[in-house]
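Student: Quick one: the structure is below, and I'll ask about it shortly.
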Amino acid sequence: MIGKILLANLPTKISKLERLSKEWGVNLYIKRDDQTGSEISGNKIRKLEYLLKIALDNNCDTLITTGGIQSNHCRATAAAATLLGLKCELLLRVGDLPKVEGNYFLDKLFGAGINFCNADEYRDSRDEIMRVIGERLEKESGRRCFIIPEGASNGVGSLGYYEAMNEILTQEREYGVRFESIVVAVGSGGTYSGLCTANKEMNLGKRVIGFAVASDSEYFVNKIHILNNEAADIAGFKSEFSRNDIEIIDKYIGEGYAISRPEELRFIADIASKEALILDPVYTGKAMYGLYNEIKEGNVPQGSNLLFIHTGGIFGLFPKQDQFIF
Ligand SMILES: *Cc1c(COP(=O)(O)O)cnc(C)c1O
């Protein structure tokens, strides 16, 4: 295994959601990766711990990365950069002139440089634009730049969630429970990839269920398959990874990435009122809403032990508060 730096508060706690378990007829546990930290909170920091080790080993002084205007990944990267004494440049996808709120507000507080692109530029050439930003900084100010892909999702990033699976196995032994299924939201695929490679490589026989929040399952199965093979090359995994290892459900994307339907927001409010648990509107709210519906439809067996990974995103809830109806 390649090395990492230590930034996240690990291990993250697992607790049982007692009222939802009773209501839904399953044993629903939650792993609090939303509590990996405060400024750096969420799932991205587990991937960044591996990527930033490489940046530091190469004496880089500037991190460059990209995401949506309310990207949790960009905010975590900006915070981590500041923690490590590095500079950070973000390429953020925007429509209109964005309000300074939520994660974007925090990006500015952490002192990140902000660059904007539109949705077409983001889709077609975000990596190229980041490369150009890096070249300019290297030429004009002698910086040494390290480019991190969307969501910190590459083969190295996957190792963060390969390791998280080891953490889960230790906690299973501690608590005397075996999780039959692990459930997670899928945005850029790295989190799922790490869990999925660990499941296969360690022959755990779990069901790893990913709920897509943006593109369809065909896109994610292909992307995650590539990530799995990249991770295997880096870490020397012995397994043959196939597309059949990957289960992505794309029925709950709703109106599209970061767009909320009233029923999704009602669901988030319902969960908060029952469990004092805050889900975010972009990822975990959609994934938990998907899980709830899959249980209701009988696609997840009654009585089974489920572990939902809370991947974070709380700061993205506040820009949506006006859309909630009470
Ligand atoms: C990025 C993110 C995800 C998705 O993780 P990927 O590794 O990008 O698939 C899920 N939840 C939250 C809160 C996120 O910020």
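Student: List every residue whose amide H lies under 5 Å from the amide H of ARG144, counting only residues 5 or more places away in sequence or on a different chain, with H placed 1.01 Å from N in the peptide plane.
Tutor: Residues meeting the criterion, in which the H sits 1.01 Å from N, are ASP61, THR62.
Student: From largest to smallest, what semi-axes in whole angstrom does the chain give when each is the square root of 5 times an eigenvalue of its alpha carbon gyration tensor?
Tutor: Working from the Cα gyration tensor, I get semi-axes of 31, 24, 18 Å.
Student: Picking from LEU159, LEU195, LEU204, which is most flexible by a Gaussian network model of the chain using Cα springs under 10 Å?
Tutor: LEU204
Student: Taking the Cα centre as origin and putting +1 on Lys and Arg beta-carbons and -1 on Asp and Glu beta-carbons, what dipole magnitude results for the range 44-152, to the nearest 20 debye?
Tutor: Dipole magnitude for the range 44-152 comes out near 320 debye.
Student: Now a separate question. Enumerate the amide H contacts of THR36 below 5 Å, restricted to partners 5 or more residues apart or on another chain; note that Pro and chain-start residues carry no placed amide H.
Tutor: Those lying under 5 Å, H to H, from THR36 are GLY42.
Student: Measuring from centroid to centroid over Cα atoms, what is the spacing of the range 175-236 and the range 69-113 in Å?
Tutor: 27 Å
Student: Then there's this: For the range 20-163, what is one quarter of the convex hull surface built on the Cα atoms, given in nm²?
Tutor: Hull-based average projected area comes out at 10.6 nm².
Student: Another question about this same structure. Using Cα-Cα distances under 8 Å and only pairs 6 or more residues apart, what relative contact order does the range 44-152 have, in percent?
Tutor: 37 percent
Student: Taking a quarter of the surface of the Cα convex hull of the range 188-280, what do you get in nm²?
Tutor: Working: hull surface 28.1 nm².
Taking a quarter of the hull surface, the average projection is 7.0 nm².
Student: Which whole-number percent gives the relative contact order of the chain, counting Cα pairs below 8 Å spaced six or more residues apart?
Tutor: 21 percent
Student: GLY113's amide H: which non-local residues (gap 5+, or another chain) put their own amide H closer than 5 Å, with H modeled 1.01 Å from N in plane and none for Pro or chain starts?
Tutor: Amide H neighbours of GLY113, under 5 Å, 5+ apart: CYS88, GLU89, LEU90.
Student: Averaging sequence separations of C-alpha pairs under 8 Å and six or more residues apart, then dividing by the length of the range 141-235, give the relative contact order as a whole percent. Kindly include the intermediate steps, with their values, before the conclusion.
Tutor: Working: 121 pairs, mean separation 34.7, N = 95.
Normalised by residue count, the contact order of the range 141-235 is 37 percent.
Student: Hand me the tally of lysine pairs in the range 44-152: alpha carbons under 17 angstrom apart, and the pair either on different chains or 8 or more positions apart.
Tutor: The result is 5.
Student: Then there is this: What ³J(HN,Hα) values, in whole Hz, does the Karplus curve 6.51 cos²θ - 1.76 cosθ + 1.60 give for the range 22-27 when θ = phi - 60°, with x put for Gly and Pro?
Tutor: 4, 5, 8, x, 9, 9
Student: Let me ask something else. Could you list HIS310, HIS73, HIS225 so that the one with the fewest beta carbons within 10 Å of its beta carbon is first and the one with the most is last?
Tutor: Listed from fewest to most nearby Cβ atoms, that is HIS225, HIS310, HIS73.
Student: Which ³J(HN,Hα) values, rounded to whole Hz and listed in residue order, are derived for the range 226-232 from phi using the Karplus coefficients 6.51, -1.76 and 1.60 in 6.51 cos²θ - 1.76 cosθ + 1.60 with θ = phi - 60°, glycine and proline given as x?
Tutor: 5, 4, 4, 5, 4, 4, 4
Student: Identify the residues of the range 256-293 with backbone N under 16 Å of a label point that sits 7 angstrom from the Cα of ILE325 along the Cα-to-Cβ direction, or state none.
Tutor: Only 260-270 fall inside the zone, counting backbone N under 16 Å.
Student: Report the full-extension gain for the segment ASN59 to ARG136: residue separation times 0.36 nm, less the Cα-Cα distance, to one decimal in nm.
Tutor: 25.9 nm
Student: Dipole size in debye (nearest 20) for the chain around its Cα centre, Lys and Arg Cβ +1, Asp and Glu Cβ -1?
Tutor: 600 debye
Student: I'd like the Karplus ³J(HN,Hα) series for the range 270-278: coefficients 6.51, -1.76, 1.60, θ = phi - 60°, whole numbers in Hz, and an x wherever there's a Gly or Pro.
Tutor: Per residue, the Karplus-derived 3J(HN,Hα) values read 4, 5, 4, 6, 8, 10, 6, 10, 9 Hz.
Every read-out reported here was derived from the displayed coordinates using simple, explicitly stated rules and does not represent laboratory data. Just so it is clear, the structure is predicted and the values come from calculations on it, not from any experiment. Cβ coordinates were reconstructed from backbone atoms using ideal geometry, including for glycine residues, and neighbour counts include every protein chain displayed.
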